[in-house]
Amino acid sequence: MISHTSLGDKAFKRNRQLKILLNKKLVTFAGNIKLKIYGTLDCSSGKRMKVQNRIFFITEDEAIALGYRPCGHCMLAAYKQWRASNLVNS
C-alpha cells in the first residue's frame with residue numbers, strides 16, 4: 001500500500017512519482033483510506049477523492065487483505081459478489 005501523499009510534497013512531484021510507478025506496473029488499483037473502498041485507476045469516483053485519502057495497491061489481493069471492499073461503480077461484478085457474501089455472513 002502506497003499513500004498518495006507519501007509520493008511528494010507538491011502535486012507535480014506526486015504526479016511524476018505516480019507516473020513512474022504506473023509505468024513500472026507497481027500500481028494497479030487505488031483506494032480510499034477512510035471509506036476502505038478500492039477500485040480501478042480510471043474510476044470516475046476515485047478521481048474525485050482527496051489526495052490525503054487516496055492510496056495505491058499493487059494487486060487486488062493486497063487491497064482485500066487489508067480489508068478494503070470493491071467499488072460499486074468501476075468494479076460492479078466484484079462489488080455484487082462482496083455484497084452477497086457479506087449479507088450471508090450477517
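At-a-glance table
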read-out: Matching residues in the range 4-46 - criterion: being within 21 Å of Ile64 (Cα to Cα), open to solvent by 40 Å² or more (accessible area, probe 1.4 Å) and not β-branched (Val, Ile, Thr); value: Leu22, Lys25, Leu26, Lys34, Leu35, Lys36, Leu41, Asp42, Ser44
read-out: Yes/no for Ala77 being without any contact (Cβ under 8 Å) to a residue 12 or more places away in the chain, in a helix (DSSP H, G or I), in contact with a strand residue (DSSP E or B) (Cβ under 9 Å, 6 or more places away or on another chain) and exposed (fewer than 11 other Cβ atoms within 10 Å of the Cβ); value: yes
read-out: Within the range 1-74, helices (runs of 4 or more DSSP H) holding 1 or more residues that are without any contact (Cβ under 8 Å) to a residue 40 or more places away in the chain, within 21 Å of Ser85 (Cα to Cα) and in contact with a strand residue (DSSP E or B) (Cβ under 7 Å, 6 or more places away or on another chain); value: 60-65
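The values are calculated or read from the model by the stated rules, or taken from the named source; none is laboratory data. Since the structure is predicted, the reported quantities are computational estimates derived from the model, not experimental observations. Note that each Cβ is placed from the backbone with ideal geometry, even for glycine, and that neighbours are counted across all protein chains shown. What goes into the accessible areas is simple: the full protein's heavy atoms, side chains included, and nothing from ligands, DNA or RNA. Shrake-Rupley method; radii C 1.70, N 1.55, O 1.52, S 1.80 Å.
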